[in-house]
Amino acid sequence: MEKKVEIDESSGFCFGVTTAIKKAEEELAKGETLYCLGDIVHNGQECERLKQLGLITIDHGKFAQLHEVKVLLRAHGEPPHTYDIAKENHIEIIDATCPVVLRLQKRIKQEYDTHEERKKQIVIFGKNGHAEVLGLVGQTNGEAIVIENLEEAKHLDFTKDIRLYSQTTKSLDEFREIVAYIQSHISPSVTFQYYDTICRQVANRMPEIRHFAAAHDLVFFVCGHKSSNGKILYQECRKVNPNSYRIDQPEEIDGSLLQQARSIGICGATSTPKWLMEACKETILSLTREDKSK
């Protein structure tokens, strides 16, 4: 039985991640020491590749101890405090914050700095503790309220003004549900304003990945375990094609799954490198050839 193995063209690094990795490679090519604050991307395989090129990943504790070095800030962005430390310690920042995230940070800071008579709640729909969300909350001196889902939105104070923003990689449908709920519960004596700050390059992948997953008998979703965006996209795959499997690397491909599938699809998150999906395709073709020779 002839098998068709296809890689989803719309999967792979988003613009922000591509730019961050390009900046890292350019700096490393100069032969200088380069640190990165946190994993440059939520993909262990890509982080390992860049480590081999010389990239040193550090946490915020280590960052605060460094002086007169170069540090790359990844696409997720950082709170103002990080820039303050860099200035104090004479650290040269290579800023790879995604332009979409940067615009969102500025909007939230502007909202926070605009003082109004009534106390308002600045609310961020996002994942608690996520690097991007920490950077956004930092624009408000830690005062913004983070909600992860509709259930948490129900606990907001509907007698106070609400300004709602979203982490750039969240689900557009979930955001709209939260907006609708707040609109129907907010007190008529206060105001509610919401800003759809979800990255369309990421949001558009939802319908694209659903279409791709539905077109194949078997789907391998390639993604690092830390990827927030990956979890969401993988669930979309599963909804339309229960015969979808999440893997981190080619070695995790179960050859027995290939036997009954004529059409096999490979897709991934915005943090999944194309080279890793190509490696998975090679593994599948190799396992298929082995099966034929038996």
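The values are calculated or read from the model by the stated rules, or taken from the named source; none is laboratory data. Bear in mind the structure is a predicted one, so any value in this text is a computation, not a measurement. Cβ placement follows ideal geometry from the backbone for every residue including glycine, while neighbour counts extend to all protein chains displayed. The accessibility values were calculated without ligands, DNA or RNA, using every heavy atom of the protein model including side chains. Shrake-Rupley method; radii C 1.70, N 1.55, O 1.52, S 1.80 Å.
Some values worked out for this structure:
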{"quantity": "Distance in nm between pseudo-label sites at VAL240 and LYS160 (7 Å out along the Cβ direction from Cα)", "calculated": "4.1"}
{"quantity": "Pairs from LYS3/LYS274; LYS87/LYS160; LYS22/LYS170 whose Cα-Cα separation, in the structure shown, is over 28 Å", "calculated": "LYS87/LYS160"}
{"quantity": "Amide proton proximity set for GLY77, modelled H, under 5 Å, gap of 5+", "calculated": "CYS98"}
{"quantity": "Cα principal axis extents for the range 33-133, largest first, Å", "calculated": "53, 31, 22"}
{"quantity": "Pairwise centroid distance, computed over Cα atoms, of the range 127-186 with the range 112-126, Å", "calculated": "11"}
{"quantity": "Per-residue SASA entry for ILE21, accessible area with 1.4 Å probe, Å² rounded to 10", "calculated": "10"}
{"quantity": "Radius of gyration, Dmax [the range 87-126; alpha carbons; angstrom]", "calculated": "14.4, 40"}
{"quantity": "Charge dipole magnitude, Cβ of K and R +1, D and E -1 - the range 76-183, Cα centre, debye nearest 20", "calculated": "260"}
{"quantity": "With DNA, RNA and ligands ignored, accessible area of SER286 (1.4 Å probe; Å², nearest 10)", "calculated": "40"}
{"quantity": "Accessible area in square angstrom per residue, the range 157-294, 1.4 angstrom probe", "calculated": "46"}
{"quantity": "Cα-based Kirkwood hydrodynamic radius, the range 1-63, one decimal, Å", "calculated": "13.5"}
{"quantity": "Long-range HN-HN contacts of THR191 with modeled amide H, under 5 Å", "calculated": "ASP161, ILE162"}
{"quantity": "Solvent exposure, largest accessible area first (probe 1.4 Å, DNA, RNA and ligands not counted), of LYS160, LYS170", "calculated": "LYS160, LYS170"}
{"quantity": "Inter-part distance where the range 33-70 and the range 222-294 are each reduced to a Cα centre, Å", "calculated": "28"}
{"quantity": "In sequence order, calculated HN-Hα J values of the range 140-156 (Karplus, 6.51, -1.76, 1.60; Hz; x Gly/Pro)", "calculated": "10, 6, x, 8, 5, 9, 9, 10, 9, 7, 4, 4, 6, 5, 5, 8, 5"}
{"quantity": "Solvent-accessible ranking of THR57, THR168, largest area first, probe 1.4 Å", "calculated": "THR57, THR168"}
{"quantity": "The range 136-198 - convex hull of the alpha-carbon atoms, volume per residue in Å³", "calculated": "82"}
{"quantity": "Two-decimal ratio, the range 183-265, of alpha-carbon radius of gyration to 2.2 N^0.38 Å", "calculated": "1.53"}
{"quantity": "Residue-averaged 222 nm ellipticity for the chain, from DSSP H runs of 4+ at -39500 (n - 2.57), nearest 500", "calculated": "-12500 deg cm²/dmol"}
{"quantity": "Rounded to the nearest 10 Å², the accessible area of HIS67 at probe 1.4 Å", "calculated": "110"}
{"quantity": "Accessible area of the range 157-294 belonging to carbon and sulfur atoms, whole % at 1.4 Å probe", "calculated": "49"}
{"quantity": "Share of carbon and sulfur in the accessible heavy-atom surface of the range 1-137 [1.4 Å probe, %]", "calculated": "51"}
{"quantity": "The chain - Rg and Dmax from Cα coordinates, angstrom", "calculated": "21.6, 77"}
{"quantity": "Neighbour count of at most 15 Cβ within 10 Å plus DSSP loop: longest GluC sites (Glu not before Pro)-free window in the chain", "calculated": "144-294"}
{"quantity": "Within-12-Å neighbourhood charge of ASP217 [Cβ basis; K, R +1; D, E -1]", "calculated": "+2"}
{"quantity": "Accessible area per residue, Å², the range 40-145 with all protein chains present, probe 1.4 Å", "calculated": "51"}
{"quantity": "Long-range amide H partners of ARG246 with built H, under 5 Å", "calculated": "PHE221"}
